[in-house]
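Worksheet: one structure, shown below.
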Amino acid sequence: MLNTQDVLNLSGKVAVVTGGASGIGLATAELLAGFGAHAVLIDINEAAGEAAAAGIRAGGGLATFRRCDVTSAADCERTAAEIAADLGGIHILFNNAGVIRRQSVTELEERDWDLVLNVSLKGVYLLSKYVIPVMERGGGGSIINTGSGWGLKGGDRAAAYCAAKAGVVNLTRAMAIDHGPAGIRVNCVSPGDTDTPLLRDEAKQLQQDEAAFLVASAGGRPLERLGTPRDIANAVLFLASDLSAWVTGSVLVVDGGGIA
């Protein structure tokens, strides 16, 4: 009979998590480390990233932090090479870093359009570009990209974010086709509103009361609550582990039924 613990055991695997200093990234790094992986937290916030990695180590997990700007090809190439050299390979990549600007097309400045697309979409491309050859040399791996419910349907005053996340969804499918023969699975987890610093920042951008905004964000969902970072991390664990060994090119929506 299938032993679930064996299937979820990530011991000996190196898991790279972008946006790992907080929110969904941090929760996922903690969970993957809890199942035995060496979590490499990537972020541009060095102080928060170092503290997050130290917290995982204090809890008995394996974790290190590396500063990397996912919009920089040089940073991504260097980081992938250093991790491979220091830790012997990369087996899991969670492309999670993202930003949002709550503006319509007419409200958006070009620099904000570029920021959202560069971090949330270009960053997936760049880090994957340099991690995939490492995975190929190691015999395969699992890549999970963070999409969004708004990558599957539209949202108000979030034009750049919707465009970026829709791009992530179809980039995931294209990557799954291209790299499946090398034993690399590529999937997308698409969260709904999740209680993270990113969501709370949206309230500020829209000049709304934070508490009221969070209540409104939870409204209308069949499960009648916001997501937690751990809710999303659980889905990433499934896609990172051998429990999903025949799953690739998929989009797993984790949103409490928000787009049901």
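The values are calculated or read from the model by the stated rules, or taken from the named source; none is laboratory data. The shown structure was predicted, so the numbers you read here are calculated from the model rather than taken from an experiment. When we count neighbours, we look across all protein chains shown, and the Cβ atoms used for this are built from the backbone with ideal geometry, even at glycine.
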Scan segment 239-247 and give yes if some residue there is in a loop (DSSP other than H, G, I, E, B), hydroxyl-bearing (S, T, Y), touching a residue at least 60 places away in the same chain (Cβ under 8 Å) and assigned by TED's automatic domain parsing to the domain that holds V186, otherwise no.
yes
Residue check, A235 against (1) of a type in the set (G, A, S); (2) surrounded by 13 or more Cβ atoms within 10 Å (Cβ to Cβ); (3) outside the structural domain of G20 (by TED's automatic domain parsing), all met but one. Which one?
(3)
Identify, from the list S217, S142, S148, the residue that is crowded, with 19+ Cβ neighbours inside 10 Å, not acidic (D, E) and not assigned by TED's automatic domain parsing to the domain that holds E109.
S217
Report the residue count in segment 79-109 for those that are among the charged types (D, E, K, R) and either under 26 Å from G149 (Cβ atoms) or modelled with pLDDT under 95 (or both).
4
So which residues in segment 32-49 are in contact with a strand residue (DSSP E or B) (Cβ under 8 Å, 6 or more places away or on another chain) and buried (at least 17 other Cβ atoms within 10 Å of the Cβ)?
L32, A33, A37, H38, A39, V40, L41, I42, D43, I44, G49
Filtering segment 133-144 for residues that are assigned to a helix (DSSP H, G or I) and under 13 Å from A15 (Cα atoms) leaves a count of 2
Search segment 52-78 for residues being among the small types (G, A, S), over 19 Å from the mean Cα position of the chain (by Cα) and farther than 24 Å from I132 by Cα, and hand back the single one that is surrounded by the most Cβ atoms within 10 Å (Cβ to Cβ).
G61
